[in-house]
2 protein chains.
Amino acid sequence: MGMRYIEGGVCAAAGFSASGVHCGIRKNRTKKDLALIVSSTRAAAAACYTTNLVKGAPLVVTAQNLADGHAQAVVCNSGNANTCNANGIEIATGMCRLVEQATGIAASDVVVASTGVIGQAMTLAPFETGIPAAAAALAPGGGEAAAEAIMTTDTVKKELAVEFTVGGKVCRMGGIAKGSGMIHPNMATMLVFITTDAAICPAMLQKALSADVPDSFNMISIDGDTSTNDMVTVLANGQAGNEEITGEGADYDAFCEALAAVTRPLCRAIAKDGEGATKLLECTVTGAADTAAAKAVAKSVICSSLFKAAMFGADANWGRVLCAIGYSGAAVDVNAVDVAFESAAGTIAVCKNGAGLGFSEEKAKEILLESEIRVCIALHQGEAEATAWGCDLTYDYVKINGDYRT
Amino acid sequence: MGMRYIEGGVCAAAGFSASGVHCGIRKNRTKKDLALIVSSTRAAAAACYTTNLVKGAPLVVTAQNLADGHAQAVVCNSGNANTCNANGIEIATGMCRLVEQATGIAASDVVVASTGVIGQAMTLAPFETGIPAAAAALAPGGGEAAAEAIMTTDTVKKELAVEFTVGGKVCRMGGIAKGSGMIHPNMATMLVFITTDAAICPAMLQKALSADVPDSFNMISIDGDTSTNDMVTVLANGQAGNEEITGEGADYDAFCEALAAVTRPLCRAIAKDGEGATKLLECTVTGAADTAAAKAVAKSVICSSLFKAAMFGADANWGRVLCAIGYSGAAVDVNAVDVAFESAAGTIAVCKNGAGLGFSEEKAKEILLESEIRVCIALHQGEAEATAWGCDLTYDYVKINGDYRT
């Protein structure tokens, strides 16, 4: 009855196959740069997009294609964002047309995405051979290759899947993500593709996704830069055979719970693999007057360059946490704030009622040398809570971004 | 008649003396950590403070002391921010009392400031000998020592002065600044102390300062972190003998012009000496629909970690500029945006109408290897303009902030 994590990613759900190939967008031939995900039947589809006014051409085309609430394939390249290119729309629609030619799926049922450098000239040429090759390689075991093909500066592929029950039917949901840099989602996210065999109508699917994103992907920040190409999509092909979810209720709740079970670990995986990161940072805020305040405080701390650099150095410089709370914009009573640091090595309280506590620097160092750090903030003003995820600021972030294009 | 830059800083104006000494807040005995600035007569005084809800105790005491629009001395220590300390107010009022004992200036006429680590225990002991020593060292030539004593991770002292004319009388105005990290002013600034011998009433002095700050210090960002201890104050002792400025008009305009001539170079100096910085970045936005949009765009670009890292690497990655424009919150027509990079080595256009231009990477590299870089953004939507200042993101920023407290 309950939910459980299972092997796999975007191919965990019935009826989905995928592939990842090298088509030549990236110079390094050993790096896959084109992913294709296909459902054997047309699926309900939902998406959230970046709020950046500069939008990659693929997002514009995807939004058009999803206007009818359905899709059947996802095509995504890495190595070039297809953003700020004069011929961007032409390229993105061309990619959809090539998917139609190679698979028979209507071009208007294709989710198209690109990630990589902005404003780099691009042609359709690599796709003319690459998309047929990706179509030929489609397989139920191809999810991992697809997860690899959407990576840019990511160091690990990000995929997972769950099994859950809706109306007595066993359903599966899985997802893959590309994170790393230019990550500060705002009403949208980096690239995340989720597939499920649960049956759910497009409106409820969009509702579930739109409800999940503010608490999941929008609570991550790697570097404060909201990408032009952020997008998360879900395809639900209904092949699990449950009665279609068309309204709220137990089935919808089960679906939302499964969605959260897929998105939260992807958030942590994206944050942990932020560009140059050595540590996952999680900020939990409790006792806030309302959710907006809790989120503002959590996000402000996670975004602070000074806090991030202190965590890199395993320095319990809690004054920077207080500072970030103070400029978060939330109406916090700064004289009621408690702060503690927590990790696998233990917990240490460093600030109570807005003032410093005597604490063992040695113990604090031991806690902060772990690879997953939680900063716990208690505001003592109400009952609202929020969690945000980020990573430390390191030499390697500077190195990677000081010369990303070469 | 005109305005000209002259030697000196806070002692350039008639009647001001200053000193900088080591009193023991900082462990390194060769680093000055206590500054004192005194006017021989009581002066009109104005200030702007940080909007961070977490405020250093000295700001609270200074705001009380300036409530009557007058002050006669500034005392400032570096090495400890006196923020988030249970006894912070006690320390700050104690510093004022010690100034009164050492100089005869009423404690309620003292501007008190602290800068350094937040939440570090502090006692009055170092000041009990330090403030008398600073008072004994007061001299018309002590401005430079005061500028040194307020430095934290700053690598160069920041001071300058101008001579200008009000109502036929020659006046002088000078200032010193402390910048470096946790710099993202918002309705206030880092520590800046300005002195002048012009006669101006407290209300017009505050008006002039409040009008200047939104275009000067509030347009700097080193790292996006709004400090708890930001403050800028101006003391005007009237010793130049001009007729007191009590309303708008030519005299007020001349005063504002002089103020801008002092604040703008201090802004550039603070940005150029940002923590770990190797380059001053200046972002000029023209053709905006309104000033708010121009400022939002300029500030967004200057704050982007990705843009800052690209400038460190002398990489003409203009897509990151477009990205930051897109998430600035301003209603920009992204298809009308032009971008160029400029420095002492020349100018290069890299983006027109929101799309990339072919350009020489070699020439771009040459331009971006200079130490002062201007990114010029034309929005083609109106007549409004803005300028913001920042610095590159470097290995040294991470190094300095990975272990600031030790």
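Given the options A:354, A:390, A:20, state which has the largest fluctuation in a GNM of chain A using a 10 Å cut-off (strictly under) for Cα springs.
Maximum among the listed residues: A:354.
Give the Rg (one decimal place) followed by the Dmax (whole number) of region A:197-251, computed from C-alpha coordinates and expressed in Å.
Rg then Dmax for region A:197-251, in Å: 14.2, 42.
Tell me which A residue has its C-beta closest to the axis rotating A onto B, and the distance in Å?
A:395, 3
Whole number please: convex hull volume per residue of the Cα set in the protein assembly as shown, in Å³?
Spelled out: Cα convex hull of the protein assembly as shown, divided by residues, is 150 Å³.
Assuming 1.567 mPa s and 4 °C, estimate D for region A:246-301 with Stokes-Einstein, Rh taken as the Kirkwood radius over Cα pairs, in µm²/s. The partial results should precede the final answer.
On the way: Rh = 13.7 Å.
Rounded, D is 94 µm²/s.
Using only the Cα atoms, what convex hull volume per residue in Å³ does region A:4-272 have?
Working: hull volume 27.7 nm³, N = 269.
Taking only Cα atoms, region A:4-272 has a hull volume of 103 Å³ per residue.
Tell me the net charge near residue A:25. Cut-off is 11 Å between Cβ atoms, residue A:25 excluded, with +1 for each Lys or Arg and -1 for each Asp or Glu. Working shown, then result.
Values: positive: A:26, A:27, A:31, A:32; negative: A:33.
Surrounding charge for residue A:25 is +3.
Just add up the charged neighbours of residue B:381: K/R +1, D/E -1, any other residue whose Cβ is under 11 Å from the Cβ of residue B:381.
Numbers: positive: none; negative: B:290, B:333, B:383.
Neighbour charge sum, excluding residue B:381 itself: -3.
Counting other C-beta atoms within 10 Å, and keeping those with at most 11, which DSSP coil trypsin sites (Lys or Arg not before Pro) do you find in region B:26-132? Before the final figure, lay out the partial values.
Working: sites: B:26, B:27, B:29, B:31, B:32, B:42, B:55, B:97; in loops: B:26, B:27, B:29, B:31, B:32, B:55.
Here the sparse-neighbourhood loop sites are B:27, B:29.
On the first, second and third principal axes, largest extent first, how far apart are the outermost C-alpha atoms of region A:280-402 in Å?
Result for region A:280-402: principal-axis Cα extents of 40, 34, 21 Å.
Give me the percent relative contact order of region B:237-339, please, defined on Cα pairs under 8 angstrom at least 6 residues apart. Intermediate results must be reported in sequence, preceding the final value.
On the way: 61 pairs, mean separation 18.5, N = 103.
The normalised contact order for region B:237-339 reaches 18 percent.
Which whole number of Å³ per residue matches the convex hull of the alpha-carbon atoms in region A:225-322? Before the final figure, lay out the partial values.
Values: hull volume 15.9 nm³, N = 98.
It is 163 Å³ per residue.
If you build a Gaussian network model of chain A, linking Cα atoms that sit under 10 Å apart, which residue out of A:307, A:164, A:193 swings the most?
The residue that fluctuates most here is A:164.
Determine, for B:220, B:105, the number of other Cβ atoms within 10 Å of each Cβ, and report the residues in order from fewest to most.
Details: B:220 24, B:105 20.
If I rank by nearby Cβ atoms, fewest first, I get B:105, B:220.
Of A:31/A:272; A:178/A:365; A:295/A:365; B:178/B:295, which sit over 30 Å apart, Cα to Cα? Mind showing how you got there, number by number?
On the way: A:31/A:272 22 Å; A:178/A:365 32 Å; A:295/A:365 27 Å; B:178/B:295 23 Å.
From A:31/A:272; A:178/A:365; A:295/A:365; B:178/B:295, over 30 Å: A:178/A:365.
What FRET efficiency comes out for residue A:376 versus residue B:3 if R0 is 56 angstrom and r is the Cβ-Cβ distance? Round to the nearest 0.05.
Working: r = 54 Å, r/R0 = 0.96.
That gives a FRET efficiency of 0.55.
So how do A:235, B:66, B:138, A:306 line up by other beta-carbon neighbours within 10 Å, fewest first?
Lowest count first: B:138, B:66, A:306, A:235.
Specify which residue in the list B:132, B:120, B:165 is farthest towards the positive end of the charge dipole of region B:4-272, using unit charges on the beta carbon of Lys, Arg (+1) and Asp, Glu (-1), about the Cα centre.
Final value for the positive-end residue is B:120.
When we measure straight from the Cα of residue A:352, which aspartates and glutamates land under 17 angstrom away, once same-chain ones fewer than 8 places off are left out?
Output for residue A:352: A:333, A:338, A:342, A:361.
Hey, what did region A:259-406 get for relative contact order, percent, Cα under 8 Å, at least 6 apart? All intermediate terms of the calculation are to be shown ahead of the outcome.
On the way: 311 pairs, mean separation 59.3, N = 148.
Over region A:259-406, the number comes to 40 percent.
Can you tell me, using C-alpha contacts under 8 Å and at least 6 residues apart, the relative contact order of chain A as a whole percent? Walk me through the intermediate numbers first.
Details: 1123 pairs, mean separation 70.3, N = 406.
Computed value for chain A: 17 percent relative contact order.
What net charge do the residues around residue B:68 carry, taking every other residue with its C-beta under 13 Å from that of residue B:68, with Lys and Arg at +1 and Asp and Glu at -1? Provide the component values of the computation, followed by the final result.
Values: positive: B:42; negative: B:109.
Local net charge: 0.
Rounded, prolate or oblate: which fits region A:2-154 when a ≥ b ≥ c are the square roots of the eigenvalues of the alpha-carbon gyration tensor, with rounded for a/c under 1.5 and prolate only if a/b beats b/c?
Working: a/c = 1.44, a/b = 1.23, b/c = 1.17.
Rounded, because the longest to shortest axis ratio a/c is under 1.5.
Going by how many other Cβ atoms sit within 10 Å of their own, how do B:158, A:363 line up, fewest first?
Details: B:158 24, A:363 15.
Sorted ascending by nearby Cβ count, the order is A:363, B:158.
Counting only helical runs of four or more DSSP H residues, what would the 222 nm mean residue ellipticity of the protein assembly as shown come to if each run contributes -39,500 (n - 2.57) and the total is spread over all its residues? Please list the in-between numbers first.
Working: 22 runs with 247 residues, N = 812.
The helix-only estimate for the protein assembly as shown comes to -9500 deg cm²/dmol at 222 nm.
With just the Cα atoms defining each centre, how far is region A:33-74 from region B:372-391? Give it in Å.
Measuring centre to centre over Cα atoms gives 35 Å.
What are the label-to-label distances in nm, one decimal and shortest first, from residue B:140 to the same spot in the other copies, with labels 7 Å along Cα to Cβ?
In nanometres, ordered from closest: 9.3.
Taking beta carbons within 10 Å but only from partner chains, what does the mean come to for residues B:313-321?
Numbers: counts 9, 2, 6, 1, 9, 3, 14, 8, 4.
The shielding value for this peptide is 6.
Rounded to whole Å, give me the distance from the Cα center of region A:81-160 to that of region A:298-355.
Going from one Cα centre to the other spans 41 Å.
A short reminder: the numbers here are calculations on the coordinates, not readings from a lab. The shown structure was predicted, so the numbers you read here are calculated from the model rather than taken from an experiment. Virtual Cβ from ideal backbone geometry, glycine too; neighbours counted across all protein chains shown.
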